[in-house]
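Trainee: A single structure is presented below for examination.
The values are calculated or read from the model by the stated rules, or taken from the named source; none is laboratory data. Bear in mind that the values here come from a model prediction, so they are computed numbers and not experimental data. Quick reminder, even Gly has a Cβ in these numbers, built from the backbone with ideal geometry, and neighbours come from all protein chains shown.
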Amino acid sequence: MTLSARRILLVIGGGIAAYKALDLIRRLRERGAAVRPVMTEAAQHFVTPLSVGALAADHVFTDLFDRQDEQDVGHIRLAREADVILVAPATADLMGKLANGLADDLASAILLASDRPVLMAPAMNPKMWAHPATRRNRATLEKDGVRFVGPGKGEMAESGEAGEGRMAEPLEIVAAVEALLDGRPKPLAGKKIIVTSGPTHEPIDPVRYIANRSSGRQGHAIAAALARLGADVRLVSGPVSIPDPAGVTTLHVERAVEMRDAVEALLPADAAVFVAAVADWRTADEAGEKIKKLAGEGPPALRMVENPDILAGVGHHAERPRLVVGFAAETQDLLKNAEAKLKKKGADIIVANDVSTDGGTDGTGIEGGVMGGARNRVRIVSRAGVEEWPELSKDEVAARLAALIAKKLENIVV
């Protein structure tokens, strides 16, 4: 297990995102970690110590002046016994206290008294996150060595507002904890890698667009796996409903031409991985108003033009990365099409997968199909031949591909 025998001191701050701490505890313990919870007074208004303690299978610490807990200066003991202190959610208040050396409750006293690594997962209203005071506090904390995961963009549960301030998802936080505690050398440290992910949306009119079923899960997982190996990852994502991966710089685009421009602006790079399912065509003339259905008339004719081939453009670019990886989603003649794509696009590797569907499973028997599903079965096509991988979760595919990319870059002579 990745966090076996690791001791995590989890500080739960006061905010609606505190409910995510319950799943976070479960995810950490699944990986073998021992979780010792500390709850602020405000946190107890959102989740109960009873629930937290039951999931953590440990005592929940809440009070700096608790007679029993503090008889042996408990906050100092808590501060020193952990391998890492994780603050989730990290409120503006907790960030401000640590940045300014305040310690008026148990959580802030522990943070100030500890010499252990600290990882914060901020969660707050977008305007609070954007406030200059919060920005100053984060800059101070980063200078002091505090690490951060998130926040992401999304709708705020408490206000209905949308923006940056949403706490990272539990699995993102777990990945950040693993990366923080992993003292091994990072094989991709110092390497810049571009990844594309998700679909593109090609507008027909202000209401309708051409798209595909891509969820972005595989591309986002690959970006996260490369970041865990130390790479400086720049993810160019089409419209998806999943969070940005932790430790990755994400650029959001909508159309194929926007994705091409974003990718080319990021060159030069050491490697590029093209996972996005880019629409092959777009309408030649996007309607400025919604196209109305008229009684007795058939559908309007749509004149289509070809979108730019982003993989081929980079594969033959003057600033071509040392390693170019493409994806081939096919419904027939998988290997034949993948091998042709390898030669035509100027790629080094094509990751080929069958996305045909048949009664709820894809052509490989994966429930729900590959596009939008949680699992994948791929073949690695290169000039050296074809390597077939078993059916895996998309996270496992991502981890194996990231390791392969690291190995390939290590062996490429500059």
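Trainee: Which numbered condition trips up Ala227, out of (1) buried (at least 22 other Cβ atoms within 10 Å of the Cβ); (2) under 21 Å from Ala328 (Cα atoms); (3) not charged (D, E, K, R)?
Mentor: Only one criterion in (1) buried (at least 22 other Cβ atoms within 10 Å of the Cβ); (2) under 21 Å from Ala328 (Cα atoms); (3) not charged (D, E, K, R) is unmet by Ala227, namely (2).
Trainee: If you go through region 330-355, how many residues are over 16 Å from Trp389 (Cα atoms) and part of a strand (DSSP E or B)? Write out each step before concluding.
Mentor: Let us first name the residues in region 330-355 that are over 16 Å from Trp389 (Cα atoms), namely 330-333, 336-337, 339-348.
In the following step, the residues that additionally are part of a strand (DSSP E or B) were identified as 330.
Summing the residues that are over 16 Å from Trp389 (Cα atoms) and part of a strand (DSSP E or B) in region 330-355 gives 1.
Trainee: Here's another thing I want to ask about it. Does Ser108 fit the bill of being surrounded by 20 or more Cβ atoms within 10 Å (Cβ to Cβ) and at pLDDT 90 or above? Outline the logic, then answer.
Mentor: Working: surrounded by 20 or more Cβ atoms within 10 Å (Cβ to Cβ): yes; at pLDDT 90 or above: yes.
Yes; evaluated as a whole, the condition is true for this residue.
Trainee: What single numbered condition from (1) at pLDDT 85 or above; (2) under 25 Å from the mean Cα position of the chain (by Cα); (3) surrounded by 20 or more Cβ atoms within 10 Å (Cβ to Cβ); (4) not polar (S, T, N, Q) fails to hold for Gly315?
Mentor: That leaves (2) as the condition not met.
Trainee: Let me ask something else. Considering (1) within 19 Å of Lys343 (Cα to Cα); (2) surrounded by 15 or more Cβ atoms within 10 Å (Cβ to Cβ), say which one Val386 fails and leave the rest.
Mentor: (2)
Trainee: Then there's this: Given the residues Ile173, Ile242, Ile204, Ile222, which is the only one that is of a type in the set (A, V, I, L, M) and more than 29 Å from Pro89 (Cβ to Cβ)?
Mentor: Answer to the selection: Ile204.
Trainee: Give me a count of the residues in region 170-197 that are buried (at least 24 other Cβ atoms within 10 Å of the Cβ) and among the small types (Gly, Ala, Ser).
Mentor: Here the count works out to 2.
Trainee: Restricting to region 11-45, and then to whatever is charged (D, E, K, R) and not in a strand (DSSP E or B), can you tell me which residue is surrounded by the most Cβ atoms within 10 Å (Cβ to Cβ)?
Mentor: Lys20
Trainee: In addition: Out of all the residues in region 335-357, which are in contact with a Gly (Cβ under 8 Å, 6 or more places away or on another chain) and of a type outside the set (D, E, K, R)?
Mentor: Step one: list which residues in region 335-357 are in contact with a Gly (Cβ under 8 Å, 6 or more places away or on another chain), which gives 341-342, 345-347, 349-351, 354-357.
Within region 335-357, Leu342, Gly346, Ala347, Ile349, Ile350, Val351, Val355, Ser356, Thr357 meet the criteria.
Trainee: A further question on this structure: Within region 46-87, restricting attention to residues that are small (Gly, Ala, Ser) and part of a loop (DSSP other than H, G, I, E, B), which residue is modelled with the lowest pLDDT?
Mentor: Of all residues in region 46-87, those small (Gly, Ala, Ser) come to 51, 53-54, 56-57, 74, 79, 82.
Next cut, part of a loop (DSSP other than H, G, I, E, B) only: 57, 82.
Working: Ala57: 94, Ala82: 89.
Among them, the one singled out is Ala82.
Trainee: Could you tell me whether Thr200 is surrounded by 19 or more Cβ atoms within 10 Å (Cβ to Cβ), in contact with a Phe, Trp or Tyr (Cβ under 8 Å, 6 or more places away or on another chain) and assigned by TED's automatic domain parsing to the domain that holds Ala403? Before you say what the answer is, go through the steps one by one.
Mentor: Working: surrounded by 19 or more Cβ atoms within 10 Å (Cβ to Cβ): yes; in contact with a Phe, Trp or Tyr (Cβ under 8 Å, 6 or more places away or on another chain): no; assigned by TED's automatic domain parsing to the domain that holds Ala403: yes.
When the stated conditions are applied, Thr200 does not pass them.
Trainee: Among the listed residues Ala265, Ala225, identify the single one that is out of contact with any Gly (no Cβ under 9 Å at 6 or more places or on another chain), small (Gly, Ala, Ser) and modelled with pLDDT of 95 or more. Reasoning before the result, please.
Mentor: Details: Ala225 fails: modelled with pLDDT of 95 or more.
Exactly one of Ala265, Ala225 is out of contact with any Gly (no Cβ under 9 Å at 6 or more places or on another chain), small (Gly, Ala, Ser) and modelled with pLDDT of 95 or more, namely Ala265.
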